[in-house]
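Report on the structure given below.
The values are calculated or read from the model by the stated rules, or taken from the named source; none is laboratory data. Just so it is clear, the structure is predicted and the values come from calculations on it, not from any experiment. For neighbour counting, all protein chains shown are included, and Cβ atoms are generated from backbone atoms with ideal geometry for every residue, glycine included.
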Amino acid sequence: MSADVGAALTNGGESSDQPSSAEGAAPVKVTAEQLGVQQGDEFAGQLEFDIGNLSAWDPSPVDPAAFSGADREATCTETARAIVQSLVNKLFALPSTPIAGGRLAQLPPPTTPLPRQKPLPKPKPLTKWQKFAQKKGIVKKKRSKLEFDETKQEWRRRHGYKKAGDEADIPIVEARPGDKVGEDPFSRMEADKKERVKRNRSSQLDNARAAQAAGALPPTLRLAASLAPSAPAANSKAAGPKRLQKAKRKELRAEIKAASRLSGISTASMGKFDKTLRGEKEGERAPLGKRRKFLPMSAMAGKFLRERADDILDVRKAITKHEAVVREEQRAAKEV
């Protein structure tokens, strides 16, 4: 059935809800026969429809005798036409609403699951806090980025530069009962901050080691996670980074090489003007793949003119030739 019929007909061939071209005129009932549209026969077999995916198929076994021989192309064409006609009739039977260009029908949800082209992405490994939050049922709430600073009496950032309650902006620190006599409170706050940063760094490395097993880390972070000791003792010399690096040097050879290459090309010149390391081969820091070199605009224009010299129109020569043709026509007209 043609798409134009949808703009003129409703379900069952009734008149359209759209107003006619003449204002105030009553709607006219138009049939498909009056429009010259011939509706074909539907498929005779039992079809299964998935309107959401705009598909229909015959689940019955295929008759080999019907689709063999000289007229198999005509049989396939007629079968496909009948199935499409049945699908279109299902579409026109859906509830629809009138719009400017015709009628609009909402398709139902698809019922046939279609396979993906690529596998599902692997979920990222959870951190310790995320696992703890899932276990305790803690839901993250979105907080405002600003916080009111009682000391400055103004709204400030919650974190970062000029944050609210910044310890560096406190001129006077109140003494607490547990403070030691003669201890500098500002030095104590600075030491506490360094300790918090150290603990945060240790937690980040633990999370990196957990993500390393899933292969979700770049070479630089994978190397840092492998070389970081899990629980170094306070008086243990064997837990130092040099001993640990020597012990794992062979098994981390690929990570060390990849991290060295990434750090070598991470400068402004991509390692071109940097000093080479001992044992480094020439061209080892070269970026992967070939870099495109673009010609300057003048060279590109010259190349274009050389290649398209025959296609470029000489305007002055064309005007002169046109004027000569006009003069010849005028002279011929006078002689006649």
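A few remarks follow.
- Selection from region 130-167 of residues that are surrounded by 10 or more Cβ atoms within 10 Å (Cβ to Cβ) and either touching a Cys at 6+ places or on another chain (Cβ under 6 Å) or assigned to a helix (DSSP H, G or I) (or both): 130, 131, 132, 133, 134, 167
- The lone exception for residue 335 - which of (1) surrounded by 10 or more Cβ atoms within 10 Å (Cβ to Cβ); (2) more than 34 Å from the chain's Cα centre (by Cα); (3) at pLDDT 65 or above it fails: (1)
Condition check ((1) among the polar types (S, T, N, Q); (2) modelled with pLDDT of 85 or more; (3) at positive phi) across all residues:
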{"site": "117", "(1), (2), (3)": "yes, yes, no"}
{"site": "120", "(1), (2), (3)": "no, yes, no"}
{"site": "133", "(1), (2), (3)": "no, yes, no"}
{"site": "142", "(1), (2), (3)": "no, no, no"}
{"site": "195", "(1), (2), (3)": "no, yes, no"}
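- Any chance residue 75 is under 17 Å from residue 42 (Cβ atoms) and in the same structural domain as residue 43 (by TED's automatic domain parsing): yes
- For region 188-202, a tally of residues being of a type in the set (S, T, N, Q) and within 20 Å of residue 160 (Cα to Cα) returns 1.
- Residue 60 vs. criteria modelled with pLDDT under 90 and farther than 26 Å from residue 110 by Cβ: no
Yes or no, residue by residue, for (1) at pLDDT below 85; (2) charged (D, E, K, R); (3) over 30 Å from residue 87 (Cβ atoms):
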{"position": "110", "(1), (2), (3)": "no, no, no"}
{"position": "152", "(1), (2), (3)": "yes, yes, yes"}
{"position": "159", "(1), (2), (3)": "yes, no, yes"}
{"position": "176", "(1), (2), (3)": "yes, yes, yes"}
{"position": "180", "(1), (2), (3)": "yes, yes, yes"}
{"position": "191", "(1), (2), (3)": "no, no, yes"}
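- Restricting 292, 285, 316 to residues that are modelled with pLDDT of 70 or more, exposed (fewer than 10 other Cβ atoms within 10 Å of the Cβ) and among the basic types (Lys, Arg) narrows the list to 316.
- Checking region 89-100 against the condition returns no match, with no residue being closer than 30 Å to residue 52 by Cβ, exposed (fewer than 13 other Cβ atoms within 10 Å of the Cβ), of a type in the set (Ser, Thr, Tyr) and outside the structural domain of residue 48 (by TED's automatic domain parsing).
- Checked across region 42-65, the condition of being hydroxyl-bearing (Ser, Thr, Tyr) and part of a helix (DSSP H, G or I) holds for no residue.
- Residue that is farthest from residue 56 (Cα to Cα), among those in region 69-88 that are loosely packed, with under 11 Cβ neighbours inside 10 Å and among the hydrophobic types (A, V, I, L, M, F, W, C): 70
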